[in-house]
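Engineer: Would you mind keeping the following structure in view while I ask a few things?
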Amino acid sequence: MALSGINILRQDGGLGRPLQSNDGISGLLFYSDTALDANVNTGNLKLTSDLDIEAVLGITGDTVAGGAVIAYHVSEYFRQSQSTLYVNVVGSGNTDFSEIISMKDFANGEIRQVGVYDTDEFDDSALTAIQELAEQAEAEYEPLQVVYSAPLVSGETVEDLVDLKANNAYRVSYTIGEDVTEGSEAARLRTSGATLVGDLGTVMGSVSKASVSDNIGWVSKFNLVGAEFQDPGFIDGTTASSKAKSLLNTLDGYAYIFLRKFVGSNGTYHSYSYTTTVETSDFQTIENNRTYDKAFRGIYASLLPQVNSPLFVDDAGKLEAGTVAYFKTLAGSALKIMEDSKELSGYLVDIDPDQNVLATSKIEVTAKIQPVGVAKTIEVKLGFTLQV
């Protein structure tokens, strides 16, 4: 027998430290045409670096015009992010976008955001179709955000674009930026006859790199200039510098994502992170949707083990205080980690103890999250004074 005393045993896991984040895991879905090489049809593939462009995809920048476009966007993604990328090149042309769901399923729900490259001319019905699929993904407990890229209608320029907000596609964004720097890879692809170049890979890399609460237009974090992107422009081949500021303000108000510069900076930046929904929506930005999605997944994972578990009530038939506290702690555990990581400003979890769980076999939990704000405009009042 051992002498009497106190034994202290080290325990791990009480701090609830987050596991390695999957927030950056993304997908790129390419719909091909003859310009993108209709013979390419990869199926769903998993890439971990730009070295996989040739090793896994089996294409190089010199394979075909379309192969170069695919390689460009994959390379741009990995220039911004180190997170896993799933890729699918569909050689049969545009479909109903159902490959978004098949890609999600192939990745076992790991994908948090998908970029869709479409060689068909832009039609806002595509935003509605993609929104429906994104809602399906959420109903399957695997929510995701989608960024869409498609060429303008033949003969149209960015001056002809119309307001996107009426589409109410809060899980979909439309990007119309393109690197038009002379001698850049994007410029080379444009002159080689690609139907669309765009900046989808760059946008998706930025979203993947960002914390869920980050706006991809954050100047200090998302400077896109590297070997390229010195001269930002649009998918109609025109430069941003050739556009009146009034037009850029209009496109911003219409909820497009494009490229821009700031006076006094040599950098190139995303304009903002709009989704194609009304400006009064809580889900008008990519970051609000990603924050919601992370909270959604976290609460689901925390509460799933309690499905069909016992619910103890007191003599009056109310939920016992211990039961209420237990479920509040479970539901709030993922939100607490997000708050500690500065992905939330705050949160509240509430459970009404008076609900009749004996009759319904259901416990209702209310969770509210307070997002992180974005300094879209910084207003400074500057003037002279007689003394300070």
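Engineer: Averaged per residue, what accessible surface does segment 325-388 expose to a 1.4 Å probe, in Å²? The partial results should precede the final answer.
Structural biologist: Numbers: 4940 Å² over 64 residues.
For segment 325-388, the solvent-accessible area averages 77 Å² per residue.
Engineer: What accessible surface, in Å², does a 1.4 Å probe find on Y254, ignoring ligands, DNA and RNA and rounding to the nearest 10?
Structural biologist: Accessible area, nearest 10 Å²: 70 Å².
Engineer: Relative contact order, percent, of segment 180-290 when contacts are C-alpha pairs under 8 Å separated by at least 6 residues?
Structural biologist: Worked out over segment 180-290, it gives 27 percent.
Engineer: Could you calculate, for the chain, the ratio of the Cα radius of gyration to the Kirkwood radius, expressed as Rg to Rh? Don't skip to the answer; put the middle values down first.
Structural biologist: On the way: Rg = 24.3 Å, Rh = 22.9 Å.
Here the Rg-to-Rh quotient is 1.06.
Engineer: In Å², what does the accessible area per residue of segment 233-284 work out to with a 1.4 Å probe? Let's see the in-between values first.
Structural biologist: Working: 2310 Å² over 52 residues.
Result: 44 Å² of accessible area for each residue.
Engineer: From the residues G226, F106, A194, which one has its Cα farthest along the dipole of the chain in the positive direction, the dipole being from +1 and -1 charges on Cβ of Lys/Arg and Asp/Glu about the Cα centre?
Structural biologist: Going by the Cα projections, it comes out as G226.
Engineer: Taking K336 as the anchor, which lysines have their alpha carbon closer than 30 Å to its alpha carbon, excluding any fewer than eight residues away along the same chain?
Structural biologist: Straight-distance partners of K336: K104, K209, K221, K294, K318, K328, K362, K368, K376.
Engineer: About the Cα centre of the chain, what is the dipole size in debye to 20, counting +1 per Lys and Arg Cβ and -1 per Asp and Glu Cβ, all else neutral? Intermediate values should be presented prior to the final figure.
Structural biologist: On the way: 27 positive and 52 negative charges, 297 e Å.
Using only the charged Cβ atoms, the result is roughly 1420 debye.
Engineer: State, to one decimal in nm, how far the label point of E279 lies from the label point of L382, with both points 7 Å from Cα in the Cβ direction.
Structural biologist: Those two pseudo-labels are separated by 2.5 nm.
Engineer: Still on this structure, please answer the following. Return a whole-number percent for the relative contact order of segment 138-224, with Cα pairs under 8 Å and 6 or more residues apart as the contact set.
Structural biologist: Values: 57 pairs, mean separation 22.8, N = 87.
Dividing the mean separation by the residue count of segment 138-224 yields 26 percent.
Engineer: How would D123, D214 rank on accessible area, largest to smallest, probe 1.4 Å?
Structural biologist: Numbers: D123 80, D214 20 Å².
So the residues, ranked largest to smallest area, are D123, D214.
Engineer: Of all the stretches in the chain, which is the longest one without any exposed loop site, taking trypsin sites (Lys or Arg not before Pro) in a DSSP loop (any state but H, G, I, E, B) with at most 13 other Cβ atoms within 10 Å? Working shown, then result.
Structural biologist: Numbers: sites that count: R10, K342, K362, K376, K381.
Result, exposed sites excluded: 11-341.
Engineer: Another one. Pick from G58, G177, G317: which residue has the top mean-square fluctuation in a GNM of the chain where Cα pairs under 10 Å get a spring?
Structural biologist: Of G58, G177, G317, the most mobile in the Gaussian network model is G317.
Engineer: Just to verify a number: FRET efficiency for S341 and L51, C-beta to C-beta distance, R0 = 35 Å, to 0.05? Provide the component values of the computation, followed by the final result.
Structural biologist: Numbers: r = 30 Å, r/R0 = 0.87.
It comes out at approximately 0.70.
Engineer: So which GluC sites (Glu not before Pro) in segment 174-243 are both in a DSSP loop and have at most 14 other Cβ atoms within 10 Å of their Cβ?
Structural biologist: Values: sites: E178, E182, E185, E228; in loops: E182, E228.
For GluC sites (Glu not before Pro) across segment 174-243 that sit outside H, G, I, E and B with at most 14 neighbouring Cβ atoms in 10 Å, the list reads E182.
Engineer: Also: Just reorder I176, I378, I299 by solvent-accessible area, largest first, 1.4 Å probe, all chains present.
Structural biologist: Working: I176 0, I378 135, I299 40 Å².
So, going from the largest accessible area down, we get I378, I299, I176.
Engineer: Starting from the Cα-Cα distance between K368 and A227, subtract it from 0.36 nm times their residue separation and give me the gain in nm to one decimal. Numbers along the way, then the final one.
Structural biologist: Details: separation 141, 0.36 × 141 = 50.76 nm, distance 4.34 nm.
Taking 0.36 nm per residue and subtracting the Cα distance, the gain is 46.4 nm.
Engineer: Then there is this: Of all DSSP beta bridges located in the chain, what percent are antiparallel, nearest 5?
Structural biologist: Values: 17 of 38 bridges.
Around 45 percent antiparallel, to the nearest 5.
Engineer: Still on this model: I want the local charge near Q131. Using Cβ-Cβ distances under 14 Å, sum +1 for each Lys or Arg and -1 for each Asp or Glu among the other residues. Working shown, then result.
Structural biologist: Details: positive: K165, R171; negative: D96, D123, D124, E132, E135, E138.
For residues surrounding Q131, the net value is -4.
Engineer: If you roll a 1.4 Å probe over the heavy atoms of the protein chains, what accessible area per residue do you get for segment 69-178, in Å²? Don't jump to the answer; show the numbers that get you there.
Structural biologist: Values: 3640 Å² over 110 residues.
Per-residue accessible area for segment 69-178 comes out at 33 Å².
Engineer: Moving on. Heavy atoms only, probe 1.4 Å: what % of the accessible area of segment 210-259 goes to carbon and sulfur, would you let me know?
Structural biologist: On the way: 990 of 1950 Å².
Using a 1.4 Å probe with all protein chains present, segment 210-259 comes out at 51 percent carbon and sulfur.
Engineer: While we're looking at this one, here's another question. Just to be sure I understand the curve: with the Debye formula and one point per C-alpha of segment 191-283, what is log10 I(q)/I(0) at q = 0.10, 0.14, 0.24 Å⁻¹?
Structural biologist: Log10 of I(q)/I(0), two decimals: -0.27, -0.54, -1.48.
Engineer: Taking all protein chains in place and a 1.4 Å probe, what share, in percent, of the accessible surface of segment 40-185 do carbon and sulfur account for? List each step's numbers first, then the result.
Structural biologist: Details: 2450 of 5460 Å².
Its accessible area is 45 percent carbon and sulfur atoms.
Engineer: Restricting to DSSP H runs of at least four residues, report the calculated mean residue ellipticity at 222 nm for the chain, -39500 (n - 2.57) per run over all residues, nearest 500 deg cm²/dmol.
Structural biologist: Details: 10 runs with 111 residues, N = 388.
Calculated mean residue ellipticity at 222 nm is -8500 deg cm²/dmol.
Engineer: Top mean-square fluctuation among S281, S81, S242, Gaussian network model of the chain, C-alpha springs under 10 Å?
Structural biologist: Result: S242 has the largest fluctuation of those listed.
Engineer: Separate question: List the relative contact order of segment 180-231 as a percent without decimals, with contacts defined as Cα pairs under 8 Å and 6+ residues apart. Mind dumping the intermediate values first?
Structural biologist: Working: 23 pairs, mean separation 25.4, N = 52.
About 49 percent, as a whole number.
Engineer: For the pair D123/N266, report the inter-label distance in nm, with labels modelled 7 Å from Cα in the Cβ direction.
Structural biologist: The answer from the label model is 4.6 nm.
Engineer: Still on this structure: How much of T128 can a 1.4 Å solvent probe reach, expressed as accessible area in Å² and rounded to 10?
Structural biologist: Rounded to the nearest 10, that gives 60 Å².
Engineer: Highest GNM mean-square fluctuation, the chain, Cα pairs closer than 10 Å: which of A68, A137, A367?
Structural biologist: Top of the fluctuation ranking is A367.
The values are calculated or read from the model by the stated rules, or taken from the named source; none is laboratory data. Being a predicted model, the structure only gives us computed values, none of them experimental. Cβ sites come from the backbone with ideal geometry, for glycine too, and all protein chains shown count toward neighbours. Side chains included, ligands, DNA and RNA excluded: accessible areas come from the protein's heavy atoms. Shrake-Rupley method; radii C 1.70, N 1.55, O 1.52, S 1.80 Å.
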